[in-house]
Amino acid sequence: MTLTIDTQGSAAEVSATAAAVAAPEGTLFRFATAGSVDDGKSTLVGRLLHDSKAILADQLEAVTRTSTERGFGGESGGIDFALLTDGLRAEREQGITIDVAYRYFATPARSFILADCPGHVQYTRNMVTGATTADAVIMLIDARKGVLEQTRRHLSVVALLRVPHVIVAVNKIDLLGYDEAAYRDVETSVRLVTAELGLGSDSRAEVHVIPVSALIGDNVVDRSKRTPWYAGPSLLELLETLTVIDDLDESGRATEAFRLPVQLVLRPQGAVVVAPELSDAYRDYRAYAGQVASGSIKVGDTVSVEPGGGTSTVTGIDFAGVALEEAFAPQSIALRLADDLDIARGAVIAAVDTLPPVTRTLEADLFWLDPRPLAPGARVLVKFGTTVVQALISEVTGRLDLTTLGVEPATGLAVNDIGQASIRLSRDLPVEPYAHNRRSGAFLVIHPQDGATLAAGIVTAPGEPTRAGDGSGAGSDVSP
């Protein structure tokens, strides 16, 4: 795909296009869609899949047939691209998106995992789920309506989750006759909101604004001749060129510190699954399995473990039965160490001297997802990586006002509120700020009786360090 830089348009558009030329190739890129109801998210996703030739012939035939049966497009007919992603019966009947729909496709430049998130207020929890691991979020705005409250809510979530890239697609520009003035008005409103949220600053996400028509396909895969006043790349051109969370530095190493939450300790000696001819080789085998949350690890690297505070050297890395010299996030591996440390599920293996001191208190931003309100004093479970501990919500300190984007005093949180709270844990954990590590600094709040997910949380500040780990591994929970 060739990029042509037009001499017209804003400096931001020209800069975005120029930056797109030297893009990394062959990488996996995760992105999510968000926005208000009926802004055209599912239609945009369907158009993106269709125009990038990522739809199977039989699936396209079925969608075309269903679109015709429903009279989509009037007498001339047409394809309802939303049917490519809205797979639930309730979604098709109501014409809305309810759950996150994941789609996978690839171009010659890179592979993509796409999360189509719902726009209704009551499904904000699904949007949080889709955006948590995203390298970018496409925020759709109806060009006729501009920035709405749900747009501000979703942009607030994106800012708090520190998603690296925000692409604002000003959709349905065709319904305004491709009017540049209408687009510029929306763009100005968007940049005012993103500036208030800190998006676009050096420490927050890059913001790109693109005029599109999801229904017709303008500026989705290819540049549109109907918007000669827009000089930036198309949506797909931009997606193919943005950096990813797990990018490597010049030496080929991951830029974030290594973290491996231990999911399982492998000790297969005497197990029936070990073939007799391999029994000797695995008699003393011990490895710690899990998914690399961040960074990379090599054989010979020194690592530390919490809880416990022990250190050791990596003697082997096993990946699906194959020995590796080096592993990266997000691979699932089994790590062998030189020393027999007391490590159990829930422990964290990390690059030496990179883990923060253990603590039992933390300050956090909470995305409250449950209909039951939160009140101070609530006893909950908190899940960091593979470890689950009892915890106490000691105080609710504020709630985000979506109109002013400021924090107002609050004593509790209701469903879909974004608030701030102080949390006390039942035991020591190496808690680090979300701003330093998106994966290690995120957690879930779980109801202790029914197991429901009450909130998604991000650590804004760990509490005062407590004593060092006592070497008891993952240990047992105690009441806070």
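The values are calculated or read from the model by the stated rules, or taken from the named source; none is laboratory data. Because the structure is a prediction, the values reported are computed rather than measured. With ideal geometry, Cβ positions are generated from the backbone for all residues, glycine too; neighbour counts draw on all protein chains shown. Note: accessible area is taken over every heavy atom of the protein model, side chains too, but ligands, DNA and RNA are not part of it. Shrake-Rupley method; radii C 1.70, N 1.55, O 1.52, S 1.80 Å.
When segment 98-132 is filtered for residues that are at pLDDT below 80, open to solvent by 10 Å² or more (accessible area, probe 1.4 Å) and assigned to a loop (DSSP other than H, G, I, E, B), the ones remaining, listed by number, are ILE98, ASP99, VAL100, HIS120.
What are the residues in segment 192-245 that are part of a helix (DSSP H, G or I), without any contact (Cβ under 8 Å) to a residue 40 or more places away in the chain and over 17 Å from VAL163 (Cβ atoms), if any? Spell out how you get there, then give the answer.
In the first step, residues of segment 192-245 are kept if they are part of a helix (DSSP H, G or I); the result is 192-196, 235-239.
Next, from what is left, pick out any that are without any contact (Cβ under 8 Å) to a residue 40 or more places away in the chain: 192, 194-195.
The answer is LEU192, and nothing else.
The set of residues in segment 135-156 that are over 22 Å from LEU215 (Cβ atoms) and buried (at least 22 other Cβ atoms within 10 Å of the Cβ) comprises ASP135, ALA136, LEU155. For segment 402-421, taking the residues that are open to solvent by 40 Å² or more (accessible area, probe 1.4 Å) and either among the basic types (Lys, Arg) or not in a strand (DSSP E or B) (or both), the one that is farthest from SER156 (Cα to Cα) is identified as THR411. For GLY385, the criteria (1) crowded, with 21+ Cβ neighbours inside 10 Å; (2) free of Cβ contacts under 8 Å to residues at least 40 places away in the same chain; (3) at positive phi hold in every case but one, which is (2).
For the structure I just gave you, tell me whether GLY457 is at negative phi, among the small types (Gly, Ala, Ser), touching a Gly at 6+ places or on another chain (Cβ under 8 Å) and part of a strand (DSSP E or B). It is false that GLY457 is at negative phi, among the small types (Gly, Ala, Ser), touching a Gly at 6+ places or on another chain (Cβ under 8 Å) and part of a strand (DSSP E or B).
For segment 263-288, the set of residues classified as modelled with pLDDT of 80 or more and open to solvent by 20 Å² or more (accessible area, probe 1.4 Å) consists of GLN263, LEU264, VAL265, LEU266, ARG267, TYR285, ARG286, listed by residue number.
Before we move on, is LEU369 touching a helix residue (DSSP H, G or I) at 6+ places or on another chain (Cβ under 8 Å) and modelled with pLDDT under 95?
Working: touching a helix residue (DSSP H, G or I) at 6+ places or on another chain (Cβ under 8 Å): yes; modelled with pLDDT under 95: yes.
In short, yes.
Candidates are the residues of segment 440-454 that are in a loop (DSSP other than H, G, I, E, B) and crowded, with 20+ Cβ neighbours inside 10 Å; the one that is modelled with the highest pLDDT is GLY441.
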